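These notes concern the structure reproduced below.
The values are calculated or read from the model by the stated rules, or taken from the named source; none is laboratory data. Predicted model, so just to flag it, every value in this text is computed and none were measured. No Cβ is skipped: glycine too gets one built from the backbone with ideal geometry, and neighbour counts run over all protein chains shown.
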Amino acid sequence: MSRPPRPPDLIVNFSLTEHQSDGSLKEVISGYRPVYKVRTDHWSSAHHEFVAATGVCTGQQCEAEVWLLSPEAYPPTFWPGRRVEVAEGSRVVGVADVLKIVNPLLESSANG
């Protein structure tokens, strides 16, 4: 899938932690669209473009540009260093450590 036509919302270090359901290594590539746990009660669809690789396999990590579906719906919820669960449906498959907030609507302090 093509990247959205606006700057990314976040720069993250994405880590893929889960295997395929059959136990084999899982791989995701640029254009990957999981969901992010934005708040305890809210998940958001996200689009990933990996910066230094075409994709990530189980046990690997890579910097990624991330676009959230409706970033204006949940300001301010991110700060550098925040760890976010990443899922496919209800199954958590990885984590994203926020490196940089590009979209100022999302920026918050770590204390709140």
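Has segment 84-92 got at least one residue that is under 19 Å from SER2 (Cβ atoms) and outside any strand (DSSP E or B)? If you could, list the steps in order and put the result at the bottom.
Applying the first criterion (under 19 Å from SER2 (Cβ atoms)) to segment 84-92 yields none.
Checking segment 84-92: not a single residue is under 19 Å from SER2 (Cβ atoms) and outside any strand (DSSP E or B).
Listed residues VAL66, VAL98; which is surrounded by 15 or more Cβ atoms within 10 Å (Cβ to Cβ) and closer than 13 Å to SER15 by Cβ? Before the answer, list the steps.
Numbers: VAL66 fails: closer than 13 Å to SER15 by Cβ.
When all the criteria are applied, what remains is VAL98.
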**Study point:** Close pairs from segment 38-62: first under 14 Å from GLU72 (Cα atoms), partner at pLDDT 95 or above and among the small types (Gly, Ala, Ser), Cβ under 6 Å, at least 6 apart
**Key:** none
Check your understanding: If you take the residues in segment 27-50 that are surrounded by 14 or more Cβ atoms within 10 Å (Cβ to Cβ) and among the aliphatic types (A, V, I, L, M), which one is nearest to VAL66 (Cα to Cα)?
Key -> ALA46
Check your understanding: Can you spot a residue in segment 75-82 that is crowded, with 20+ Cβ neighbours inside 10 Å and outside any loop (DSSP other than H, G, I, E, B)?
Key -> yes
